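This report refers to the structure that appears directly beneath it.
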Amino acid sequence: MYYDVNVILIFILGLIVGSFSNVCIYRIPKNESIVYPASHCPKCHSKIKPFDNIPLLSFFLLKGRCRNCKSKISIQYPIVELLTGLIYLIIYLIYGLSIQTLVYIILSSALIIIAFIDLNEEIVPDVISLPGIVIGFAISFFVPYISFINSALGVVVGGGIILIIGLAGSVIFKKEAMGGGDVKLAAMIGAFLGWRYIIISLFLGFFLGALAGIILIMSKIKSREDVVPFGPFIVLGSFITLLWGEQIISWYLGF
Ligand SMILES: [Zn+2]
C-alpha cells in the first residue's frame, strides 16, 4: 500500500492557515492588525495559550468554550479550519506538487476569508480583492497554465459581468442588487482563473445563490426583502470551477 505523506502535510498546512484565516476574518472588518496582539478571547480578553490554539482539535477539547470565562467559541472557527484543510487537500490531489497548487491554495485562502467576511458583515474587503487583482495578473506572467492575456480578459469579463448585471438590477428592481465589492471580487477571481473559468464560476454562483435564496425564503429563514450576500456564492462557484472546470467544460461541449 502506497501512502503519499504530502496528503497529510497539505491537510495540516490547510488547518494551520485556516486558523490564521479566522484571525483575518475577525479583524480585517475592524481594521485591526492581523499579527498583533496575539489571539485572545473576544469576551474576557484572556490570552489563548498555544495548547488551546491547535486548529480543529482545541475547539472540541474545550467543548467550544473559552477555558477562562467559559463563553461560547463560534463554530465558525473549526468550520473555516476544516474547510481550508479539505480544499488544500483536494487541490493537491488534482494538481499535484506544482506551482498551480501553490497559487490555488493561496487564492482559495483569500476567497475563504472574503466569503466569511461577506457572510458576517456583508462587505467584500478591498484590502484583499484589489491587491488580489494585481497579484493574479502579475502571476500570469510567470506560470505556464494561464497567459497574461487570459488573465487580463478574466479581470474585464469577471468585473464586467457583475457590473452590467448590477446596473441592470438597480434599474429594474430600484435597489442595489450587487455592490462594487462583488465587481472587484469577480475581477480578482478572473485574474487568477482566466475568462472561461470566471464565466463558469459566476454562472454557478448565480445558480447556487438563486437556489439558496429560494430555499431560505421557502423555509422562512429569510424574507423576500432580506439581502443575501452574493460574494460567498461567487466564491463557491469559483471553488467548484477551479477544482472541476475542465470536466464542466468537456461535459458542456459534449451536448
Ligand atoms: Zn474568555
Notebook entry, point to check: In Å, what is the Rg of the alpha-carbon atoms in the stretch 1-78, and how long is Dmax?
Noted result: 14.3, 50
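Based solely on its DSSP helices, what 222 nm [θ] is calculated for the chain when runs of n ≥ 4 H residues each add -39,500 (n - 2.57) and the sum is averaged over all residues, nearest 500 deg cm²/dmol? Show your work: numbers first, answer last.
Details: 8 runs with 172 residues, N = 255.
Taking each H run of at least 4 residues, the total per residue is -23500 deg cm²/dmol.
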Item checked: Selection from Ile149, Val124, Leu167 lying farthest towards where the dipole of the stretch 61-168 points positive, charges on Cβ -> Val124
Item checked: Accessible area per residue, Å², the stretch 91-250 with all protein chains present, probe 1.4 Å -> 50 Å²
Notebook entry, point to check: Ignoring any ligand, DNA or RNA, what whole percent of the accessible area of the stretch 1-60 comes from carbon and sulfur when the probe is 1.4 angstrom?
Noted result: 70 percent
Next item on the list: Please report the relative contact order for the chain, taking Cα pairs under 8 Å with a sequence separation of at least 6, and give it as a percent rounded to a whole number.
Entry: 17 percent
Note to self: Taking just the alpha-carbon atoms of the stretch 136-193, what radius of gyration and Dmax come out, in angstrom?
What the structure shows: 13.4, 44
Notebook entry, point to check: Which three lengths, in whole Å and largest first, does the chain cover when its Cα atoms are put on their principal axes?
Noted result: 55, 52, 34
Item checked: lysines with Cα under 20 Å of Lys43, excluding same-chain neighbours fewer than 8 positions away -> Lys30, Lys63, Lys70, Lys72
Checklist line | Contour excess over end-to-end distance, with Cα ends at Lys222 and Leu102 and 0.36 nm allotted per residue | finding: 39.4 nm
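In the chain, which whole DSSP H runs stretch at least 30 Å along their own axis (Cα) and average 0.5 or higher on the Kyte-Doolittle scale? Please list the in-between numbers first.
Working: long enough: 5-27 (34 Å, 1.90); 99-121 (33 Å, 1.73); 148-172 (36 Å, 2.16); 180-218 (36 Å, 1.76).
Flagged H segments are 5-27, 99-121, 148-172, 180-218.
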Next item on the list: Could you pull out every residue, at least 5 positions away or on a different chain, whose amide H is within less than 5 Å of the one on Arg65? Hs are placed 1.01 Å off N in the peptide plane, and Pro or chain starts have none.
Entry: Ile73
Check: Using a simple spin-label model with points 7 Å from Cα along the Cα→Cβ vector, what separation in nm is obtained for Phe207 and Phe148?
Finding: 3.5 nm
Margin query: I want to check the label-to-label distance for Asn31 and Leu9. Put each point 7 Å from Cα in the C-beta direction and report it in nm to one decimal.
Written below: 4.2 nm
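Tell me the trypsin sites (Lys or Arg not before Pro) within the stretch 164-255 that lie in a loop according to DSSP and have at most 12 other beta-carbon atoms within 10 Å.
Working: sites: Lys174, Lys175, Lys184, Arg196, Lys220, Lys222, Arg224; in loops: Lys174, Lys175, Lys220, Lys222, Arg224.
In loop regions of the stretch 164-255 (DSSP not H, G, I, E or B), the sparsely surrounded trypsin sites (Lys or Arg not before Pro) are Lys174, Lys175, Lys220, Arg224.
The values are calculated or read from the model by the stated rules, or taken from the named source; none is laboratory data. Quick caveat, the model's predicted, so the values are computed rather than measured. In this analysis, Cβ positions are derived from the backbone assuming ideal geometry, glycine residues included, and neighbour counts consider all displayed protein chains. Please note that ligands, DNA and RNA were not included when accessible areas were found on the heavy atoms of the full protein model with its side chains. Shrake-Rupley method; radii C 1.70, N 1.55, O 1.52, S 1.80 Å.
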